[in-house]
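Note sheet for the following structure.
Please treat every number below as a calculation from the coordinates, not as lab data. Remember, it's a predicted structure, so these values are computed and weren't measured experimentally. Cβ sites come from the backbone with ideal geometry, for glycine too, and all protein chains shown count toward neighbours.
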Amino acid sequence: MTREFAGFKAIVTGGASGIGDATVRRLQSLGASVAVLDLNPAGAAEGAVAVRCDVSDGASVTEAVRAAADRLGGIDVVVNNAGIGARGTIEANPDEEWRRVLEINVLGIVRVSRAALPHLRRSSSAAIVNTCSIAATAGLPERALYSASKGAVLSLTLAMAADHVREGIRVNCVNPGTVDTPWVGRLLDAAADPAAERSALKARQPHGRLVSAEEVAAAIAYLASPLSGSTTGTSLAVDGGMQGLRVRPP
Ligand code: NAD
């Protein structure tokens, strides 16, 4: 990819940190104009349109997507990346925590995509890419709520792909494994021995290291670009082999 996104306008939720920030920079480097929709847009990459947005709040999303479309002059690409984690079994979190996480991780995608669809219909190369997770299908222990939210993202991706394929709007998702982002950094910092925890985490990855945010961003850019023009309703794993390899290397 060189200038695949010349003239493209993209919005990236959760674009001020981690995978979202790497995606913003990648899309910009490929020629796109990008708006970052984030709770804390202050960290948005230079040159991006920074819009404060809480994807769990319908009015905030409507206003933010309108502002982004106005300032960019349309929307061709939506990257639904904002998401939060949750630990524990189904007994660990009360109903209100389930609602809070599902509001962000699932309904956030619904709201942003719904608000963007009228703009995407006017694009000649429209794509939505959702940030899912290997948690959608892995059966991870102590991640009931997070896994359920990402399972919903996977099904939603397929359903949206079916609904909008005839309109020329492609919908795909990426399934990252363990990615070296501020989120994972915060989890490691909370451990008794962060350095030892990081080494143990790396050792659990089939390819022996954490996935980089840039690697996930490159996959998102591919799925958002005309290079994947006949690809819709798929998930692309970016996980060092976690999902695909039945037999782990020794
Ligand atoms: P991160 O915490 O570094 O960044 C998340 C961004 O989302 C932040 O800028 C935050 O302000 C924003 N955000 C949070 N709640 C929001 C809301 N309600 N409205 C708008 N913005 C909001 O996280 P990350 O690791 O880059 O994760 C990004 C996405 O990748 C998430 O959907 C996450 O589930 C997914 N993911 C991450 C990993 C990983 O290992 N880091 C693995 C698989 C999937």
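Could you list Glu197, Glu46 in order of exposure, starting from the residue whose Cβ has the fewest other Cβ atoms within 10 Å? If you can, show how the numbers build up before the last one.
On the way: Glu197 15, Glu46 7.
Ranked by crowding around the Cβ, least crowded first: Glu46, Glu197.
Name the residues whose placed amide hydrogens come within less than 5 Å of the amide hydrogen of Arg143, ignoring near sequence neighbours (fewer than 5 apart) on the same chain.
Counting only residues 5 or more places away or on other chains, the set is Gly88.
For the chain, what does the helix formula give at 222 nm: sum of -39500 (n - 2.57) over DSSP H segments with n ≥ 4, over the residue count, nearest 500 deg cm²/dmol?
-13500 deg cm²/dmol
Using a 10 Å cut-off on Cβ atoms, rank the peptides 75-85, 172-182 from the highest mean neighbour count down.
Output ranking for 75-85, 172-182: 75-85, 172-182.
Just to check I understand the Karplus step: with θ = phi - 60° and J = 6.51 cos²θ - 1.76 cosθ + 1.60, what whole-Hz values come out for segment 184-197, glycine and proline as x?
Coupling constants for segment 184-197: 5, x, 5, 5, 5, 4, 7, 6, 4, 10, x, 5, 5, 5 Hz.
Post the alpha-carbon centroid distance, segment 51-94 to segment 154-228, in whole angstrom.
17 Å
Which order, highest average first, do 133-139, 109-115 follow once you tally other Cβ atoms within 10 Å for each residue and take the mean per peptide?
Going from most to least packed, we get 109-115, 133-139.
If we sort 212-219, 8-15 on the protection proxy, mean other Cβ atoms within 10 Å, highest first, what's the order?
8-15, 212-219
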